[in-house]
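What follows is calculated from the coordinates using simple rules that are stated; it is not laboratory data. These figures come from a predicted structure and were not determined experimentally. We place every Cβ from the backbone using ideal geometry, glycine too, and count neighbours over all the protein chains shown.
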Amino acid sequence: MAGEATTNAEGVSRSSLIRVHIPQEIDVKAIRAKLGMTQHEFAARFGLSIKTLQHWEQKHRAPEGPTRAYLLVIDRDPDAVQRALGSAA
C-alpha cells in the first residue's frame, strides 16, 4: 500500500505504466523501401546519418534500443514522425 501511495503522490499509477515490445532486429532497408525512398532521402527526412543508414542496411551494424524504437515508429507512422520533426512532406 505504501508503494501505491508513493506512486500516486508522484502522479503515476500502476495502471498508467505501459510496457512496449521493441524487436531486437529492425529491417531498416525494408522500412525505407516500403516508403519508396532512396537512402539519401530517408536519412535526410528522418535526421539520420547516411553512413549509419548504410551500415545498418549492409548489416555491419545494428540500431540500438531507442533508435530501434524510432525506426519502428517511422515504419508504423512516418507522417507522425515528419510532423513531430517539423518537416511535413
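Can you pull out the GluC sites (Glu not before Pro) in region 16-78 that DSSP calls coil and that have at most 14 other Cβ atoms within 10 Å? If you can, show how the numbers build up before the last one.
Working: sites: 25, 41, 57, 64; in loops: 25, 64.
Listed in order of number, the matching sites are 25, 64.
Relative to the present Cα-Cα distance, how much length would full extension add between residue 17 and residue 33 at 0.36 nm per residue of separation?
2.4 nm
With each pseudo-label sitting 7 Å past Cα toward Cβ, what's the residue 24-residue 51 distance in nm, one decimal?
Going by the 7 Å Cα→Cβ label model, 2.9 nm.
From the phi angles alone, apply the Karplus equation (6.51, -1.76, 1.60; θ = phi - 60°) to region 27-32 and give each ³J(HN,Hα) in whole Hz, x where the residue is Gly or Pro.
8, 4, 4, 5, 4, 4
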